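The structure appears below as structure tokens.
The values are calculated or read from the model by the stated rules, or taken from the named source; none is laboratory data. Here the structure is a predicted model, which means the values were calculated and not measured. Every residue, glycine among them, receives a Cβ derived from its backbone with ideal geometry; neighbour counts consider all protein chains shown. The accessibility values were calculated without ligands, DNA or RNA, using every heavy atom of the protein model including side chains. Shrake-Rupley method; radii C 1.70, N 1.55, O 1.52, S 1.80 Å.
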Amino acid sequence: MWIEELKNGKYKFVERYEDYLTGKIKKVSVTLDKNTAQARKKAQKLLNERIEASQEVKCKKELSMKELVEEYREYQKLSVKESTYTRNFHTCNTLIDLFGSDTIVERMTVNYINKKLLETGKDVGTLNEYLRRFRAMIRWGYKNDLIEDIRFIDKLDNFKDRPHKEKIQEKYLERSELKLLLSKMEQPTWKLLTEFMSLSGLRFGEAAALEKADVDFSAKEIRITKTLDSVNGVVTTPKSMCSIRNVYMQPELFNICKKIQIHMKKEEMINGVRSDLFFHNKNGDHISFFSFNKYLKNLSWNLFGKKITTHALRHTHASLLLEQSVSIDTISRRLGHEDSKVTKEIYLHVTKELEEKDNRQIERINLL
């Protein structure tokens with residue numbers, strides 16, 4: 001840095017730097033009233049800040065967890081849906097708390113990461129969710145030249161979960177379990193919603209966002225064009241383009257939709273409200289995911305010893321169709337996605353159970 005005294009009595013502090021992209025030498029300056037030791041210190045700080053701001057590409061430095069998360073969030077804010085951003089926002093907060101905001105990302109070890117995760121006492125499924133988000137963020141940092149060495153994440157294995165058969169059975173209800181669940185439901189709206197989701201395969205957000213006009217009884221179709229983001233309380237576009245679809249109302253679904261229509265009309269009259277929503281609460285607003293999910297978990301735990309979620313009703317629909325020999329491609333289109341790992345897992349599980357049932361039948365037969 002050098003100093004030039006100006007005609008007006010002030011001082012110009014100048015510094016040269018090399019532009020990171022072009023390699024050319026450039027200058028940056030700042031003018032102050034005095035040329036004291038304090039002024040020179042201030043000038044140097046300002047010049048360094050201007051040099052850093054002028055660089056189109058930041059020079060690489062070792063990022064802390066907090067810094068990486070902040071960069072990652074800026075990207076996600078522009079590239080993902082609000083509901084996804086919010087979910088990942090909270091998960092990233094957890095990762096910062098777990099690993100430490102000032103911890104240098106590239107200095108973390110597999111042992112350190114596993115130890116911090118296990119210390120939370122969370123279930124295996126939750127820990128593996130944390131790992132998935134952490135890996136995704138680290139890979140994003142590498143692709144965007146914020147992290148140089150990410151070899152350590154190749155050694156990060158998922159925690160071993162319960163046996164697959166036990167786990168997959170918690171993702172859906174058997175026909176007998178669904179009938180028992182419905183018979184024990186005392187909240188009429190939740191009972192109708194449970195039957196509706198099990199017969200249609202809709203996600204909760206898709207069902208909650210439905211308007212009366214979306215349920216076309218003459219065409220026997222339910223038009224899915226939107227979903228309720230329960231976290232942010234807004235209606236958005238569906239999860240993907242494949243999620244925009246028409247769901248055919250088979251006789252059972254058609255009949256339950258008629259029952260829902262009558263029930264909701266009565267609710268409007270009792271509570272003195274008008275609503276365009278197919279499902280609505282007493283105020284005519286969107287039904288609560290959190291209330292329904294809690295109700296479903298508590299009741300299923302009391303009945304079966306397993307906590308069924310709203311999404312399990314969607315998987316239940318898939319399993320019931322599979323039992324009727326409906327193809328997995330047809331089910332995938334009805335559910336609104338190109339490919340479903342869980343649907344295929346249920347398919348294999350249900351198929352194996354049917355084979356075992358057939359074998360038990362044949363075992364008792366004497367042919368000769």
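For Asp276 and Ser288, calculate 0.36 nm times their separation in residues minus their Cα-Cα distance, and state this gained length in nm to one decimal. Walk me through the numbers on the way to the answer.
On the way: separation 12, 0.36 × 12 = 4.32 nm, distance 1.64 nm.
Gain on extension, Asp276 to Ser288, equals 2.7 nm.
Let a ≥ b ≥ c be the square roots of the eigenvalues of the Cα gyration tensor of the stretch 88-242; is it rounded (a/c under 1.5), or, if not, prolate (a/b larger than b/c) or oblate?
Numbers: a/c = 2.91, a/b = 1.84, b/c = 1.58.
In terms of gyration-tensor shape, prolate.
State the percentage of accessible surface on the chain attributable to carbon and sulfur atoms; use a 1.4 Å probe and exclude ligands, DNA and RNA. Before the final figure, lay out the partial values.
Working: 11000 of 22420 Å².
Of the solvent-accessible surface of the chain, carbon and sulfur hold 49 percent.
Taking 7 Å along the Cα-to-C-beta vector as the label spot, tell me the Leu6-Ser183 distance in nanometres, rounded to one decimal.
Placing both labels 7 Å beyond Cα along the Cβ direction yields 8.9 nm.
Length gain on complete extension for the stretch Thr330 to Lys258, per 0.36 nm per residue less the alpha carbon to alpha carbon distance? Walk me through the intermediate numbers first.
Numbers: separation 72, 0.36 × 72 = 25.92 nm, distance 2.50 nm.
Additional length available on full extension: 23.4 nm.
Using the Cα centre of the chain as origin and beta-carbon charges of +1 (Lys, Arg) and -1 (Asp, Glu), tell me which of Leu368, His337, Gly284 is placed farthest towards the positive end of the dipole.
Gly284
Rank Asn246, Thr86, Gln324 by how far each Cα sits towards the positive end of the charge dipole of the chain (+1 on Lys, Arg Cβ; -1 on Asp, Glu Cβ) and give me just the farthest.
Thr86
At 37 °C and a viscosity of 0.692 mPa s, what translational diffusion coefficient does Stokes-Einstein give for the stretch 264-343, taking Rh as the Kirkwood radius over Cα pairs? Give it in µm²/s as a whole number.
On the way: Rh = 15.2 Å.
Result for D is 216 µm²/s.
Is there a quick way to get the dipole size of the chain? I mean about its Cα centre, with the Cβ of Lys and Arg at +1 and of Asp and Glu at -1; what is the value in debye to the nearest 20? Provide the component values of the computation, followed by the final result.
Values: 67 positive and 54 negative charges, 136 e Å.
Using only the charged Cβ atoms, the result is roughly 660 debye.
With a point put 7 Å past each Cα toward its Cβ, work out how far Asp19 is from Lys297 in nm, to one decimal.
Distance between the two pseudo-spin positions: 5.6 nm.
Could you give the accessible area per residue of the chain, probe 1.4 Å, as a whole number in Å²?
Details: 22420 Å² over 368 residues.
Heavy-atom SASA per residue in the chain reads 61 Å².
Apply the a/c threshold of 1.5 to the C-alpha gyration tensor of the stretch 226-310 and tell me whether it is rounded, prolate or oblate.
Numbers: a/c = 1.27, a/b = 1.11, b/c = 1.15.
The shape class here is rounded.
Over all alpha-carbon pairs in the stretch 168-319, figure out the percentage whose distance exceeds 28 Å. Mind dumping the intermediate values first?
On the way: 1722 of 11476 pairs.
Tail of P(r) above 28 Å: 15 percent of Cα pairs.
Got a sec? Which residues in the stretch 1-19 would a label at Arg40 touch, if it sits 7 Å along Cα→Cβ and we count backbone N under 18 Å?
1-6, 10-16
Determine, from the Cβ-Cβ distance of Thr31 and Glu70 and an R0 of 41 Å, the FRET efficiency 1/(1 + (r/R0)^6), rounded to the nearest 0.05. Walk me through the numbers before you get to the answer.
On the way: r = 32 Å, r/R0 = 0.79.
My answer for the efficiency is 0.80.
Can you give me the pair-distance distribution of the chain, C-alpha pairs, 20 Å bins, whole percents?
The distribution over the chain is 21, 41, 24, 12, 2, 0, given as percents.
Work from the charge dipole of the chain (Cβ charges, +1 for Lys and Arg, -1 for Asp and Glu, about the Cα centre) and give the residue of Phe13, Phe134, Met197 farthest towards its positive end.
The listed residue farthest towards the positive side: Phe13.
So, with +1 on the Cβ of K and R and -1 on the Cβ of D and E, and no other charges, what is the size of the charge dipole of the stretch 264-314 about its Cα centre, to the nearest 20 debye?
300
Would you kindly state how much longer the chain becomes between Asp358 and Lys115 on full extension, computed as 0.36 nm times their sequence separation minus their alpha carbon distance, in nm to one decimal?
Details: separation 243, 0.36 × 243 = 87.48 nm, distance 4.68 nm.
Roughly 82.8 nm would be gained on extension.
Whenever you get a sec, line up Cys242, Cys92 from highest to lowest accessible area (probe 1.4 Å, protein heavy atoms). Don't skip to the answer; put the middle values down first.
Numbers: Cys242 50, Cys92 0 Å².
Of Cys242, Cys92, the descending order of accessible area is Cys242, Cys92.
In nm, to one decimal, how far is the modelled label at Asp145 from the one at Lys122, with both set 7 Å along Cα→Cβ?
3.3
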